[in-house]
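One structure is given here, and the rest of the page talks about it.
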Amino acid sequence: MRRGILTVDVEDNFTCEELVNKDDWPKYESQVVDNTLRILALLKSNNARATFFIVGKVAERHPELIKYICQDEHEIASHSYWHKPLNLISPREIEEDIRMSRDILSSLTGTPILGYRSMGYSIPDDEKGFYTLLKEYGYAYSSSRKPEKKNNVQTIMNGNIFQIYPSVINLFGSKLVFSGGTYFRILPIYVINKGCSVYQRLGQPIMIYVHPWEFNNDQPKRKVPLMQKMLQSPITFTTERKLTYLLQRYNFTSIKEYIGL
Ligand SMILES: [Zn+2]
């Protein structure tokens, strides 16, 4: 069976601006637990493993969720603490984010946290310094950027830390991340298959990422710009169908298991 790496970015579909103050949290209906449970059930029925990148604030608000994910023997990794783009916060805030997300997640799991994924594949200006910090705080890999060149390798060692890239396809002169988010939702399955087959030919695993909110058409009301509203409309929610399709064709595992950490 073909190999794949599956990752889940555990968050509700709210922007960091909407959730920046803890006092505001009760205004937003959190669905992240129920939606993640749907993903866990789907993975269990397909005997698949995944890495769950958890936003530190989500872990604080829903510690039971970490327990459910661990019970099914998936990997827990960090999806930052605040879920803010790293290119928009100060170096001190980046370090705090790296440390705080590690602390909350390792205290809930009782194990070291080896992986970090930034919000929206954002990279700070001092990228090298960012990897040094990750290493200092005990992380072994980063899944925080899109690949720079052609989609020839999925994982590389860079700056003493593993890099795990989302899978991309060269289409219409652009490199599209077909393996998650908006493109995974809106691209037809045959384009996704085409992207996957490139990796297969190269003997590389595909790396897919999904979000729990993509598994629930009944989304809470939000005030966001029209374009965002359209691209994140439940009309585009094909993620569950496409992931089910891939689960039947790929042997999915976590990043930790794939690297052999
Ligand atoms: Zn995210």
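The values are calculated or read from the model by the stated rules, or taken from the named source; none is laboratory data. The structure displayed is predicted, hence computed values, not measured ones. All Cβ positions, glycine included, derive from the backbone under ideal geometry; neighbour counts span all protein chains shown.
For the reader, a short list of remarks on this structure follows.
- Residue match in region 49-59 (condition: crowded, with 16+ Cβ neighbours inside 10 Å, more than 16 Å from the ligand (Cβ to nearest atom) and modelled with pLDDT of 95 or more): yes
- LEU105 being more than 16 Å from the ligand (Cβ to nearest atom), crowded, with 16+ Cβ neighbours inside 10 Å and either at pLDDT 95 or above or within 22 Å of SER254 (Cα to Cα) (or both): no
- Residue list for region 188-212, filter: buried (at least 21 other Cβ atoms within 10 Å of the Cβ) and either over 29 Å from SER78 (Cβ atoms) or out of contact with any Asp or Glu (no Cβ under 8 Å at 6 or more places or on another chain) (or both): ILE192, GLY195, CYS196, TYR199, PRO205, ILE206, MET207, ILE208
- Test: residue in region 24-41 that is among the aliphatic types (A, V, I, L, M), within 16 Å of the ligand (Cβ to nearest atom), under 21 Å from TYR141 (Cα atoms) and not in a loop (DSSP other than H, G, I, E, B): no
- Taking first residues from region 170-194 that are of a type in the set (Lys, Arg) and partners that are at pLDDT below 90, the Cβ contacts under 6 Å between residues at least 6 apart in sequence or on separate chains come to ARG185/THR236.
- Residues in region 64-79 that are within 12 Å of ILE255 (Cα to Cα) and within 16 Å of the ligand (Cβ to nearest atom): ILE76, ALA77.
- Residue check, ILE113 of a type in the set (A, V, I, L, M), at pLDDT below 90 and over 27 Å from GLN232 (Cβ atoms): no
- Verdict on TYR199 being assigned to a helix (DSSP H, G or I), more than 16 Å from the ligand (Cβ to nearest atom) and among the aromatic types (Phe, Trp, Tyr): yes
- When we screen LYS221, LYS256, LYS229 for residues that are farther than 23 Å from ILE113 by Cβ and not in a loop (DSSP other than H, G, I, E, B), the only hit is LYS229.
- Whichever residue in region 108-122 is within 16 Å of the ligand (Cβ to nearest atom) and farther than 14 Å from LYS57 by Cβ and, among such residues, is nearest to the chain's Cα centre (by Cα): ARG117
- Of all residues making up region 60-88, the number that are modelled with pLDDT of 95 or more and either on the phi > 0 side of the Ramachandran plot or of a type in the set (Val, Ile, Thr) (or both): 5
- The lone exception for PHE178 - which of (1) closer than 24 Å to TYR116 by Cα; (2) in a helix (DSSP H, G or I); (3) in contact with a Leu (Cβ under 9 Å, 6 or more places away or on another chain) it fails: (2)
- Contact map, region 207-234: first residue more than 20 Å from ILE54 (Cα to Cα) and aliphatic (A, V, I, L, M), second residue within 16 Å of the ligand (Cβ to nearest atom) and in a helix (DSSP H, G or I), Cβ cut-off under 7 Å, separation 6 or more or different chains; pairs are LEU231/THR182.
- Qualifying residue in region 121-137 (condition: in contact (Cβ under 8 Å) with a residue 40 or more places away in the chain, aliphatic (A, V, I, L, M) and closer than 19 Å to ASP9 by Cα): no
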